[in-house]
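Data first, discussion second: the structure below is written as structure tokens.
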Amino acid sequence: MAEVILLLAVSVALAWPLGRYLASVLKGEASRADAMFLPVESLIYGLLRVDPQRGMTWRGYALAFLASNVVLGVFAWLVFLLQHTLPLNPDHVPGMRWDLALHTAISFLTNTNQQHYSGQAQLSYLSQMVGIVTLQVLTPMMGLGIAAAMLRGLFGGRNAATARDGEARDLGNYWVDVTRLTLRVFLPLALLFALSLTMLGVPGTFAGARIVRPLDPGAGMTEQVIPVGPVAAMVATKQLGTNGGGWYGPNSAVPLENPTPLANALELIAIVVMPIAVVFMLGPFTGRRRLTPLVFGVMATLSLASIGASVHSERQPNAATAGLAAPGPNLEGKEVRFGASASALWAAVTTQTSNGSVNAMHDSLNPLAGTAAQVNMLVNAIWGGIGCGLVGHLVFLLLSIFIAGLMIGRTPEVYGRKLETGEVRLLSFLVVLQSLTILGFTALALVIPGVAGNSNPGLHGIAQVFYEYTSAYANNGSGFEGLGDATYWWNLSASAVLLLGRYPCLLIPLMVAGSLARKRQAPQTAGSLDIESVTFGATMIAVIVLVTVLSYLPVLVLGTVGEQLMLAHS
Amino acid sequence: MQTSSRHGIKAHAARFTAQTLREAARDAFAKLAPLTAMKNPVMFVVLVGTVVVAALSAQAVANGKPWLYTAVVALILLATVLFANFAEAVAEARGRGQAASLRTARSQLVGRRWRNGQFDCLPATELRPGDIVVVGAGEQIPADGEIVEGVASVNEAAVTGESAPVLREAGTDRSGVIAGTTVLSDEIKVRVTAQPGESFLDRMIALVEGAQRQKTPNELALTVLLAALTLVFLIVVVTLPAIGKFAGVHIDAVVLIALLVCLIPTTIGGLLPAIGIAGMNRALEANVIAKSGKAVELAGDIDTLLLDKTGTITLGDRRATEFIAVGGARGPDLREAALLASLADPTPEGKSIVALAQAQGTVAADTGASTFLPFSAESRMSGVDLDGGRVIRKGAKTAVVDWARARQVAVPADLDAAVDRVARGGATPLVVADGSRVLGVVALADVVKHGVRERFARLRAMGVRTVMITGDNPLTAAAIAAEAGVDDFLAEARPEDKLARIRAEQAAGRLVAMVGDGTNDAPALAQADIGLAMNSGTQAAKEAGNMVDLDSDPTKLLSVVEIGKQLLITRGALTTFSLANDVSKYFAIIPAIFVAAIPGMAALDVMRLSGPVNAVLAALIFNALVIPALIPLALRGVSFRPGSAESLLRRNLLVFGVGGVALPFVAIKLIDLLLAAVAGAR
């Protein structure tokens, strides 16, 4: 338990200064590092033919985001399709089938990193480095750019002081935001972290797979192929960028990705540090100091509740061993070197942060921890993915403002700007879209004979399918696994869910912010809702829990909750 | 101000007769018509569910299977829809009753039309705009109009419920008269301004009756959110059987529909229209006719109130409060002179000087015949010329000083100080002089109405700023502003200053409300977000505002703000309540659905209900009954205690959120016990 508390405390302590730095980068403040970064940035703006001074409306920002994503997506898809004809393929990995390549491209483009393949066997070094890592570096910064634009919109845009009511507002420049964040924040951090991982034993090489003789001749094979490669760089980006897609199929459970308990601790911190830093960025970035305590309070409360449930659950024995004399904690599907608590903590934070890397099999979690993991992803706003987690959180904030605003007898206002039918319609659409997508596809996969390919019958089989789509919609990427998922059905249906979970969920809130931004701003009075208060924080927690629980309790009862009840019964 | 309205419309509203309820019950069935029902997406889903369950029940009868349970569920669902319809119908019936009582006042009126020097007596329905009618004492005014000649006291009780007569006078801002009211004294000539049946009130009453009621902006936004939640739960119950089938869990269609109806926000969905109509009705009960529900709703958002000083903040009449002798004159001399100058003065100010001087022991000597000079705008003085040749003047400082200088009377050096002191104290200085010397100053103070300070404090707690508009100089205005506790004031204000001030407030993002009655108020009334016109005011003012106060009470604006807030709070509170209910309903229905398929499900049955069938029925019955149980609350509005937003939110969250989770546990358990007692545990 002490390690759980220590890891969380260190993460928060590191996130604080990082958040302030994020704010200063996004605000374009002058810094000592300008001498190094400005020339590179001007070079990039020149290549992209972008005027860094020009602001964008929400529409311009959204279009730039979409355009860059289309280009990157097509590029990644082609690399995966044609990797056998491209260089840096020492192990002669064949090209991917078109649907798998499509799913992989979309999965990484949406910052999800859901993997229907095993990286060490099915991707060349070039695919991993140029296809995967490029997306792992850029997509989190794109999400953060959208979050920054949305925040600017909530406060009237960068031209709030000069624009007239009803005039479109400047929500920032997409290319500048993403370039600055990538160069000044992500790459230095990733470099530092990759070097640390290499030091701890994670491979970093362009040489091909090693062939060794097994220590135990009784293992039934004369030689073992150990795939390696520039693994450390990818592990660094996958953890820091809420990506989660590993070099190896079993992800951070493999010693080559996660060699020691210290590496495990560092990776865990890397998973949460950026999402928490985004919360600390809020105050200095928006100038609303008290916004950080509100969001931090709500997220931390939900986070600790979920971590508590998860750790408690895994410290209980696995049902299959419960009858033994000294059953111990649930170590089924876990690395013994990490133990139950650290694995449970990882399972909780990787689903909270939309990271999705795993160091244990989530399929083998006790049902309570499995439920916590699914609820984390359904909420997808407890820290959440970098940027997108905040955007999701702001959606809950706006919904809570609407309900609470009515309860104090005023038309609901977001920092003085009225939340009206147009915005409520957009927010409502998002609420419906989530349940329609996740429940709709879950039902389809289970009803259409033979497509699910799940390894378990009964409630656990349902949970496997539901988890897969929930993870895809949350752009999380972790899996309950146990699905025969390298099929047309899974690749294509999951691709659709990935897209729906990314683009509408980022762009509709941006649209709401754009529409709010141009409205007349009323001054704050004693009659206005105090958003940054404990009462409102409690309202938000209630709204988050209510919306999630009410929509998904029945299907959870048919999955892990039902399993838990059955276990408790027997 | 609330008391005045008790007599009139409220009295009619209070008559919540069996007749109204019968009418509402009939309407509740009429509203089952699909086209009407579709306007409310939440209840329409329940209606469709009812039809499906009824069909399943009929099918069971045809197949000779047990049908009673299905039929009972269908009946409960039907009752749920009917209760919701009933809520709306009751609210409508009340509004109609109130409007009808306003109308009865004006049936069968007769007017004396003055044309070409002669009168024709003809029914009011034949009067046209532009006609001049003459109305004498004891007669009813036949049509809406403006007095073109004369002044009269009018009893407007028939319309406003206020029995004290009001003064209506040609050429002033109080020249408007209303059809159906009675002239008590004098005779007036009235120019008719409205077509028969299309008088201003007729049109506004028609609006209130809600024939073409439109959803207000916040109501629309809430409807969208409720529709979205309904859609989510629809998706949940449609996908559930498909998902369950994989694990061999069969879910009964009737139970699924029961789950759906329990989850979708039927409580707020059912009461939403009634809440909106009741808001308009409450405004009407306060004798305020709002031209739209939107205006009432908007009143809750007001940030700034512009209030005229006179009549709203102060009583309107200034009264003498102090005598200050100057230049060595003695106090008694000043009092005597002031008393003599005021004895024949008919104005309230003059009378108050007499009263104060007498109270301080001055007795008026018999001066014999004297000539009183009334106040005029040119002289800005009044006074008296006594027979003995003594002349006394009282008036504005500049006027009296000029008068004195013209007579070579020295002006004492300490006069300025005395005048300043009075002005700074918020009073009007009146300088008194006679033919030989300047005697001193009488302070005429505005008397701030009792209780306004507290009202403004309450408004401030709600975040509403008050701005006082006055023609006084800044010094006087500041003093009164401080005494009344307003947040800001606009001194030496001309009508166009009001308009400018409203625009300035709006440019700062504030929503502004103001009260007005004069024609020159019309632009400001139109510009303000809420313009409350006085019914006694001119037609132009009434047309420009978006609300009319039948009592012509400027402080009514404060009530309107509270009604607007209450309207939104009621919606928000019942939405919270409705959603919070779902949590507890889940604990009744989820175990009932899955208990057969999932061993251990009973652990979720925290209420220990008597059986799955009773659990579903109890949840549905609770769901249906909570609607009529909340009708009084929806019509009355959630009780509104002014306070900070934070305290309001905390209180409403506790009552309707936490209470909304707790109440169904108790209620469903009780209903289940009843069901078990009647039909046994099933």
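Packing, taken as the mean count of other beta carbons within 10 Å per residue, orders the peptides B:244-257, B:18-31, A:350-363 from highest to lowest as A:350-363, B:244-257, B:18-31.
Under 5 Å from the amide H of B:GLU322 lie the amide H atoms of B:ALA443, each residue being 5 or more positions distant or on a separate chain, with H modelled from the backbone and absent for Pro and chain starts.
For peptide B:224-232, how many partner chain Cβ atoms fall within 10 Å of a residue's Cβ, on average?
The per-residue average across the peptide is 6.
Residue-wise HN-Hα couplings along the range B:491-507, as the Karplus relation 6.51 cos²θ - 1.76 cosθ + 1.60 with θ = phi - 60° gives them from phi, are 8, 6, 7, 9, x, 5, 5, 4, 4, 5, 5, 4, 4, 5, 4, 5, 5 Hz; Gly and Pro carry x. Among B:ILE264, B:GLY248, B:ALA290, which residue has its Cα positioned farthest towards the positive end of the charge dipole of the range B:247-364, with +1 placed on the Cβ of Lys and Arg, -1 on the Cβ of Asp and Glu, and the dipole taken about the Cα centre? Comparing the listed Cα positions along the dipole, B:ALA290 ranks first. The alpha carbons of the range A:474-567 stretch over 57, 35, 18 Å along the principal axes, in descending order. A dipole drawn for the protein assembly as shown from +1 and -1 charges on Cβ atoms has a positive end, and of B:THR398, A:HIS569, A:GLY537 the residue lying farthest that way is A:HIS569. Restricting attention to the range B:323-426, which chymotrypsin sites (Phe, Trp or Tyr not before Pro) occupy a DSSP loop and are surrounded by at most 14 other Cβ atoms within 10 Å? Within the range B:323-426, no chymotrypsin sites (Phe, Trp or Tyr not before Pro) qualify (loop, at most 14 other Cβ atoms within 10 Å). The charge dipole of chain A, taken about its Cα centre with unit charges on the Cβ of Lys, Arg, Asp and Glu (plus for the first two, minus for the last two), comes to roughly 1680 debye. Across the range B:675-680, coupling constants 3J(HN,Hα) worked out from phi with the 6.51/-1.76/1.60 Karplus curve, θ = phi - 60°, read 4, 4, 5, 7, 10, x Hz, and Gly and Pro carry x.
Exposure proxy shown here: for A:ASP216, A:ASP485, A:ASP91, the number of other Cβ atoms within 10 Å sets the order, fewest to most, as A:ASP216, A:ASP91, A:ASP485. For the residue pairs A:LYS238/B:LYS585; B:LYS39/B:LYS669; B:LYS397/B:LYS498; B:LYS39/B:LYS291, alpha carbon separations beyond 31 Å are given by A:LYS238/B:LYS585; B:LYS39/B:LYS669. Counting neighbouring beta carbons within 10 Å and listing from fewest to most, the residues A:THR57, B:THR476 come out as A:THR57, B:THR476.
Before rounding to the nearest 500, sum -39500 (n - 2.57) across all DSSP H runs of length at least 4 in the protein assembly as shown and divide by the residue total; then give [θ] at 222 nm in deg cm²/dmol.
Calculated mean residue ellipticity at 222 nm is -18000 deg cm²/dmol.
Shape index of the range A:206-245: Rg/Rh, with Rg the Cα radius of gyration and Rh the Kirkwood radius from the inverse mean 1/r over Cα pairs, equals 1.21. Counting charges near A:ASP530 (Lys, Arg +1; Asp, Glu -1) among other residues having Cβ under 13 Å from its Cβ returns a value of +1.
What are the chymotrypsin sites (Phe, Trp or Tyr not before Pro) within the range A:114-219 that DSSP puts in a loop, where the Cβ has at most 11 other Cβ atoms within 10 Å?
Details: sites: A:TYR117, A:TYR125, A:PHE155, A:TYR174, A:TRP175, A:PHE186, A:PHE193, A:PHE206; in loops: A:TYR117, A:PHE155, A:PHE206.
Hits after loop and neighbour filter: A:PHE206.
Around the amide H of A:ARG417, modelled in the peptide plane, lie the amide H atoms of A:ALA522, all under 5 Å away and 5 or more residues distant in sequence or on another chain.
Remark on A:ASN454: its backbone amide H falls under 5 Å from those of A:GLY484, a criterion applied only to residues 5 or more positions apart or on other chains, H modelled at 1.01 Å from N. Between B:LEU670 and B:CYS121, the C-beta separation translates, for a Förster distance of 51 Å, into a calculated FRET efficiency of about 0.15.
Translational diffusion of the protein assembly as shown, estimated by Stokes-Einstein from the Kirkwood radius over alpha carbon pairs at 10 °C in a medium of 1.306 mPa s, is 45 µm² per second.
Rounded to two decimal places and with Rh computed the Kirkwood way over Cα pairs, what is Rg over Rh for chain B?
Numbers: Rg = 33.7 Å, Rh = 29.6 Å.
Using only Cα positions, Rg/Rh for chain B is 1.14.
So, with +1 on the Cβ of K and R and -1 on the Cβ of D and E, and no other charges, what is the size of the charge dipole of chain B about its Cα centre, to the nearest 20 debye? Before the final figure, lay out the partial values.
Details: 66 positive and 64 negative charges, 429 e Å.
Computed charge dipole of chain B: roughly 2060 debye.
Run through the DSSP bridge list for the protein assembly as shown and note the antiparallel percent, rounded to the nearest 5. Taking every DSSP beta bridge with both residues in the protein assembly as shown, the antiparallel ones total about 75 percent.
Between the residues A:LEU38, A:LEU14, A:GLY55, the greatest Cα displacement towards the positive end of the dipole of the range A:4-63, with unit charges on the Cβ of Lys, Arg, Asp and Glu, is found for A:GLY55. Computed from backbone phi with θ = phi - 60° and the Karplus coefficients 6.51, -1.76 and 1.60, the 3J(HN,Hα) list for the range B:174-182 is 10, 9, x, 10, 10, 4, x, 8, 10 Hz; x is used for glycine and proline.
Determine the shielding of peptide A:516-525 by partner chains: average, over its residues, the number of Cβ atoms on other chains within 10 angstrom of each Cβ. Don't jump to the answer; show the numbers that get you there.
Values: counts 0, 0, 0, 1, 6, 2, 7, 8, 2, 10.
Mean partner shielding for this stretch: 4.
About the centre of its Cα atoms, the protein assembly as shown shows a dipole size close to 420 debye [charges on the beta carbon of Lys, Arg (+1) and Asp, Glu (-1) only; nearest 20 debye].
Let me know the mean shielding of B:570-579 by other chains, meaning the per-residue number of their Cβ atoms within 10 Å of its Cβ.
On the way: counts 3, 4, 10, 4, 2, 4, 8, 0, 0, 6.
Partner Cβ neighbours, averaged per residue: 4.
Determine, for B:ASP131, B:ASP521, B:ASP333, the number of other Cβ atoms within 10 Å of each Cβ, and report the residues in order from fewest to most. Write out the running numbers ahead of the final one.
Working: B:ASP131 20, B:ASP521 27, B:ASP333 17.
With the fewest neighbours first, B:ASP131, B:ASP521, B:ASP333 line up as B:ASP333, B:ASP131, B:ASP521.
A short reminder: the numbers here are calculations on the coordinates, not readings from a lab. Computed from a predicted structure; not experimentally measured. In this analysis, Cβ positions are derived from the backbone assuming ideal geometry, glycine residues included, and neighbour counts consider all displayed protein chains.
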